[in-house]
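Some notes on the structure that comes next.
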Amino acid sequence: MIQLKHRPETLNQPNDLVKEYVEALNKGDVFYDLGACVGTYGILAYSLGCEVVAFEVDEVNYDALKENFFLLFGYEQGYKALNIGIADKEGAIQLYVGQSEIGGHHKTLDLENFCGHPASRSEIENTITVPVDGLDNLIMKHNLPKPQHIKIDIDGSEYAFLAGAKQALTDAESIIIELYEDNDFFQKIVDVLEKEHKFTLFQKGIELESGLRDYWFKK
(Lines give C-alpha, C1' and ligand atoms only; values in the text may rest on other atoms or scores of the structure.)
Protein backbone atom coordinates (compact mmCIF):
# COMPACT_ATOMS: atom_id res chain seq x y z
CA MET A 1 0.00 0.00 0.00
CA ILE A 2 1.41 3.40 -1.05
CA GLN A 3 1.14 6.00 1.72
CA LEU A 4 1.37 9.49 0.18
CA LYS A 5 1.77 12.61 2.30
CA HIS A 6 -0.06 14.80 -0.21
CA ARG A 7 -3.45 13.72 -1.63
CA PRO A 8 -3.32 10.15 -0.28
CA GLU A 9 -7.01 9.69 -1.13
CA THR A 10 -6.40 9.81 -4.89
CA LEU A 11 -5.56 6.12 -5.25
CA ASN A 12 -8.70 5.11 -3.38
CA GLN A 13 -11.22 6.65 -5.76
CA PRO A 14 -13.78 4.27 -7.34
CA ASN A 15 -13.87 3.72 -11.11
CA ASP A 16 -10.40 5.23 -11.57
CA LEU A 17 -9.44 4.41 -15.16
CA VAL A 18 -6.01 6.03 -14.82
CA LYS A 19 -5.16 3.76 -11.90
CA GLU A 20 -6.35 0.76 -13.93
CA TYR A 21 -4.18 1.94 -16.83
CA VAL A 22 -1.07 2.28 -14.66
CA GLU A 23 -1.62 -1.07 -12.96
CA ALA A 24 -1.68 -2.72 -16.42
CA LEU A 25 1.91 -1.58 -17.13
CA ASN A 26 4.77 -4.06 -17.08
CA LYS A 27 7.91 -3.88 -15.00
CA GLY A 28 10.60 -1.98 -16.92
CA ASP A 29 8.13 0.02 -19.03
CA VAL A 30 8.80 3.73 -19.54
CA PHE A 31 5.86 5.77 -18.25
CA TYR A 32 5.43 9.52 -18.84
CA ASP A 33 3.20 11.44 -16.43
CA LEU A 34 2.11 14.72 -18.06
CA GLY A 35 0.31 16.95 -15.62
CA ALA A 36 1.62 14.94 -12.70
CA CYS A 37 0.14 17.16 -9.95
CA VAL A 38 1.60 15.70 -6.71
CA GLY A 39 2.95 12.65 -8.54
CA THR A 40 0.37 10.04 -7.56
CA TYR A 41 0.23 7.96 -10.74
CA GLY A 42 3.92 8.24 -11.53
CA ILE A 43 4.74 7.06 -8.02
CA LEU A 44 2.33 4.15 -8.47
CA ALA A 45 4.03 3.26 -11.76
CA TYR A 46 7.46 3.51 -10.11
CA SER A 47 6.35 1.21 -7.29
CA LEU A 48 5.42 -1.36 -9.97
CA GLY A 49 8.93 -1.26 -11.44
CA CYS A 50 8.46 1.26 -14.25
CA GLU A 51 10.88 3.98 -15.27
CA VAL A 52 9.02 7.27 -14.80
CA VAL A 53 9.35 10.77 -16.24
CA ALA A 54 6.94 13.30 -14.68
CA PHE A 55 6.07 16.83 -15.81
CA GLU A 56 4.28 19.36 -13.59
CA VAL A 57 3.95 23.05 -14.44
CA ASP A 58 2.79 24.35 -11.04
CA GLU A 59 5.66 24.84 -8.58
CA VAL A 60 3.49 24.17 -5.51
CA ASN A 61 2.42 20.78 -6.83
CA TYR A 62 5.90 20.06 -8.17
CA ASP A 63 7.42 20.54 -4.72
CA ALA A 64 4.74 18.28 -3.24
CA LEU A 65 5.48 15.68 -5.93
CA LYS A 66 9.15 15.64 -4.96
CA GLU A 67 8.27 15.33 -1.27
CA ASN A 68 5.81 12.50 -1.92
CA PHE A 69 8.47 10.59 -3.84
CA PHE A 70 11.35 11.28 -1.45
CA LEU A 71 9.42 10.18 1.64
CA LEU A 72 8.69 6.84 -0.04
CA PHE A 73 11.85 6.12 -2.02
CA GLY A 74 14.57 8.61 -1.07
CA TYR A 75 17.02 9.29 -3.90
CA GLU A 76 16.46 6.11 -5.86
CA GLN A 77 17.07 6.11 -9.61
CA GLY A 78 14.54 5.60 -12.35
CA TYR A 79 12.27 8.57 -11.58
CA LYS A 80 12.76 12.01 -13.12
CA ALA A 81 10.56 15.07 -12.62
CA LEU A 82 10.58 18.37 -14.55
CA ASN A 83 8.89 21.61 -13.45
CA ILE A 84 7.61 22.73 -16.86
CA GLY A 85 4.38 23.01 -18.82
CA ILE A 86 3.62 20.91 -21.89
CA ALA A 87 2.68 22.85 -25.03
CA ASP A 88 3.70 22.88 -28.69
CA LYS A 89 6.99 24.79 -28.47
CA GLU A 90 9.45 26.45 -26.11
CA GLY A 91 8.39 29.67 -24.46
CA ALA A 92 7.14 31.43 -21.36
CA ILE A 93 3.41 32.02 -20.98
CA GLN A 94 0.78 32.73 -18.36
CA LEU A 95 -0.57 29.99 -16.10
CA TYR A 96 -4.03 30.60 -14.66
CA VAL A 97 -4.23 29.04 -11.20
CA GLY A 98 -7.74 28.12 -10.12
CA GLN A 99 -6.83 26.20 -6.97
CA SER A 100 -3.57 27.37 -5.44
CA GLU A 101 -3.37 24.85 -2.57
CA ILE A 102 -1.20 21.72 -2.70
CA GLY A 103 -2.90 19.19 -4.94
CA GLY A 104 -5.14 21.85 -6.44
CA HIS A 105 -6.55 21.45 -9.94
CA HIS A 106 -7.52 23.93 -12.66
CA LYS A 107 -4.02 25.03 -13.66
CA THR A 108 -4.48 26.16 -17.29
CA LEU A 109 -2.02 27.66 -19.75
CA ASP A 110 -2.91 30.80 -21.71
CA LEU A 111 -3.05 29.10 -25.10
CA GLU A 112 -4.98 30.27 -28.15
CA ASN A 113 -6.16 26.69 -28.75
CA PHE A 114 -7.30 26.05 -25.16
CA CYS A 115 -9.61 23.01 -25.16
CA GLY A 116 -10.33 22.32 -21.50
CA HIS A 117 -13.45 22.33 -19.37
CA PRO A 118 -14.88 25.85 -18.84
CA ALA A 119 -15.00 25.24 -15.07
CA SER A 120 -11.21 25.24 -15.00
CA ARG A 121 -11.26 28.98 -15.75
CA SER A 122 -14.40 29.98 -13.89
CA GLU A 123 -12.49 31.26 -10.85
CA ILE A 124 -8.83 32.30 -11.10
CA GLU A 125 -6.93 32.80 -7.84
CA ASN A 126 -3.57 33.73 -9.35
CA THR A 127 -1.68 34.16 -12.63
CA ILE A 128 2.02 33.43 -13.00
CA THR A 129 4.51 33.17 -15.87
CA VAL A 130 5.83 29.64 -16.43
CA PRO A 131 8.17 27.91 -18.90
CA VAL A 132 6.65 25.56 -21.47
CA ASP A 133 7.97 23.36 -24.25
CA GLY A 134 6.95 20.60 -26.62
CA LEU A 135 7.45 17.03 -25.44
CA ASP A 136 9.71 16.10 -28.36
CA ASN A 137 11.98 19.05 -27.55
CA LEU A 138 12.14 18.08 -23.88
CA ILE A 139 13.02 14.49 -24.70
CA MET A 140 15.88 15.67 -26.89
CA LYS A 141 17.16 18.38 -24.53
CA HIS A 142 17.17 16.17 -21.43
CA ASN A 143 18.15 12.94 -23.17
CA LEU A 144 15.03 11.23 -21.84
CA PRO A 145 14.07 7.63 -22.64
CA LYS A 146 11.44 7.16 -25.32
CA PRO A 147 7.96 6.95 -23.80
CA GLN A 148 6.08 3.67 -24.08
CA HIS A 149 3.01 4.79 -22.15
CA ILE A 150 1.83 8.37 -21.56
CA LYS A 151 -0.73 9.77 -19.14
CA ILE A 152 -1.95 13.24 -20.23
CA ASP A 153 -3.89 15.42 -17.79
CA ILE A 154 -2.97 18.97 -18.76
CA ASP A 155 -6.20 20.94 -18.37
CA GLY A 156 -6.89 22.21 -21.88
CA SER A 157 -3.40 22.07 -23.46
CA GLU A 158 -4.07 18.77 -25.24
CA TYR A 159 -4.26 20.17 -28.77
CA ALA A 160 -1.00 22.07 -28.34
CA PHE A 161 0.57 18.93 -26.86
CA LEU A 162 -0.16 17.00 -30.07
CA ALA A 163 1.77 19.51 -32.18
CA GLY A 164 4.84 19.23 -29.97
CA ALA A 165 4.82 15.45 -29.46
CA LYS A 166 4.75 13.92 -32.93
CA GLN A 167 7.76 11.66 -32.36
CA ALA A 168 6.75 10.79 -28.81
CA LEU A 169 3.31 9.69 -30.01
CA THR A 170 4.91 7.66 -32.78
CA ASP A 171 7.06 5.87 -30.20
CA ALA A 172 4.30 5.35 -27.63
CA GLU A 173 2.37 2.08 -27.39
CA SER A 174 -0.54 3.54 -25.41
CA ILE A 175 -1.84 6.77 -23.91
CA ILE A 176 -4.54 7.81 -21.49
CA ILE A 177 -5.75 11.37 -21.99
CA GLU A 178 -8.32 13.50 -20.20
CA LEU A 179 -10.51 15.30 -22.76
CA TYR A 180 -13.47 17.66 -22.69
CA GLU A 181 -15.97 16.46 -25.27
CA ASP A 182 -18.03 19.61 -25.72
CA ASN A 183 -15.67 21.79 -27.75
CA ASP A 184 -14.43 22.06 -31.35
CA PHE A 185 -11.05 20.49 -30.57
CA PHE A 186 -12.31 17.18 -29.22
CA GLN A 187 -12.84 15.44 -32.56
CA LYS A 188 -9.69 17.03 -34.00
CA ILE A 189 -7.65 15.51 -31.17
CA VAL A 190 -9.23 12.08 -31.63
CA ASP A 191 -8.63 12.25 -35.39
CA VAL A 192 -4.93 13.06 -34.91
CA LEU A 193 -4.53 10.17 -32.48
CA GLU A 194 -6.40 7.64 -34.61
CA LYS A 195 -5.50 8.68 -38.16
CA GLU A 196 -2.02 10.15 -37.81
CA HIS A 197 -0.64 8.06 -34.95
CA LYS A 198 -2.70 4.86 -35.44
CA PHE A 199 -4.14 4.64 -31.94
CA THR A 200 -7.40 2.80 -31.29
CA LEU A 201 -9.78 3.73 -28.49
CA PHE A 202 -9.72 0.93 -25.93
CA GLN A 203 -11.80 2.28 -23.06
CA LYS A 204 -13.58 5.42 -21.84
CA GLY A 205 -13.78 6.44 -18.21
CA ILE A 206 -16.67 7.82 -16.23
CA GLU A 207 -17.54 11.52 -16.37
CA LEU A 208 -15.26 13.47 -14.02
CA GLU A 209 -17.18 16.68 -14.69
CA SER A 210 -19.88 17.28 -17.28
CA GLY A 211 -18.35 16.26 -20.63
CA LEU A 212 -14.92 15.50 -19.13
CA ARG A 213 -13.52 11.97 -19.02
CA ASP A 214 -10.41 9.85 -19.55
CA TYR A 215 -9.79 8.06 -22.87
CA TRP A 216 -7.46 5.06 -23.03
CA PHE A 217 -5.93 4.48 -26.47
CA LYS A 218 -3.75 1.58 -27.62
CA LYS A 219 -1.87 0.63 -30.78
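Provide a single number: the residues in region 82-101 that are closer than 24 Å to Val52 by Cβ and either at pLDDT below 95 or not in a strand (DSSP E or B) (or both).
The initial filter retains those residues of region 82-101 that are closer than 24 Å to Val52 by Cβ, namely 82-88, 90, 95.
Add one more test, that the residue is either at pLDDT below 95 or not in a strand (DSSP E or B) (or both), and what stays is 83-84, 87-88, 90.
Total satisfying the criteria: 5.
When you go through (1) without any contact (Cβ under 8 Å) to a residue 24 or more places away in the chain; (2) farther than 30 Å from Gln77 by Cα one by one for Lys141, which number turns out not to apply?
Only one criterion is unmet by Lys141, namely (2).
Please tell me if Tyr62 is under 16 Å from the mean Cα position of the chain (by Cα), more than 24 Å from Glu173 (Cβ to Cβ) and of a type in the set (Phe, Trp, Tyr). So that I can check it myself, show each step before the final result.
Working: under 16 Å from the mean Cα position of the chain (by Cα): yes; more than 24 Å from Glu173 (Cβ to Cβ): yes; of a type in the set (Phe, Trp, Tyr): yes.
Here the answer is yes, as Tyr62 does meet what is asked.
Name the residue that is least open to solvent (accessible area, probe 1.4 Å), counting only residues in region 82-117 that are over 25 Å from Lys141 (Cα atoms) and among the acidic types (Asp, Glu).
The residue in question is Glu101.
How many residues does region 200-219 hold that are in contact with a helix residue (DSSP H, G or I) (Cβ under 7 Å, 6 or more places away or on another chain) and either assigned to a loop (DSSP other than H, G, I, E, B) or among the basic types (Lys, Arg) (or both)?
1
Scan region 70-81 and give yes if some residue there is surrounded by 21 or more Cβ atoms within 10 Å (Cβ to Cβ) and part of a helix (DSSP H, G or I), otherwise no.
Scanning region 70-81, I find no residue that is surrounded by 21 or more Cβ atoms within 10 Å (Cβ to Cβ) and part of a helix (DSSP H, G or I), so the answer is no.
With respect to Gly104, is the statement that it is without any contact (Cβ under 8 Å) to a residue 60 or more places away in the chain, within 17 Å of the chain's Cα centre (by Cα) and in a loop (DSSP other than H, G, I, E, B) true?
yes
Which residues, taken from region 159-170, are under 19 Å from Leu111 (Cβ atoms) and part of a helix (DSSP H, G or I)?
Within region 159-170, Tyr159, Ala160, Phe161, Leu162, Ala163, Lys166, Ala168, Leu169 meet the criteria.
Being open to solvent by 30 Å² or more (accessible area, probe 1.4 Å), outside any loop (DSSP other than H, G, I, E, B) and out of contact with any Lys or Arg (no Cβ under 7 Å at 6 or more places or on another chain) is the filter here; which residues of region 28-59 pass it?
Within region 28-59, Ser47, Glu51, Glu59 meet the criteria.
Given the conditions (1) at pLDDT below 95; (2) open to solvent by less than 50 Å² (accessible area, probe 1.4 Å); (3) within 14 Å of the chain's Cα centre (by Cα), report the number of the one that Ser120 does not fulfil.
(3)
What do you reckon, is Leu11 within 17 Å of the chain's Cα centre (by Cα) and at pLDDT below 95?
Working: within 17 Å of the chain's Cα centre (by Cα): yes; at pLDDT below 95: yes.
Against the criterion (within 17 Å of the chain's Cα centre (by Cα) and at pLDDT below 95), Leu11 qualifies.
Go through region 171-199 and give me each residue that's open to solvent by less than 80 Å² (accessible area, probe 1.4 Å) and either of a type in the set (Ser, Thr, Tyr) or assigned to a helix (DSSP H, G or I) (or both).
Across region 171-199, the qualifying residues are Asp171, Ser174, Tyr180, Phe185, Phe186, Ile189, Val190, Asp191, Val192, Leu193, Glu194.
The values are calculated or read from the model by the stated rules, or taken from the named source; none is laboratory data. Since the structure is predicted, the reported quantities are computational estimates derived from the model, not experimental observations. Don't worry about glycine lacking a Cβ; one is built from the backbone with ideal geometry, like all the others, and counts go over all protein chains shown. The area values use the complete protein model at the heavy-atom level, side chains included, leaving out ligands, DNA and RNA. Shrake-Rupley method; radii C 1.70, N 1.55, O 1.52, S 1.80 Å.
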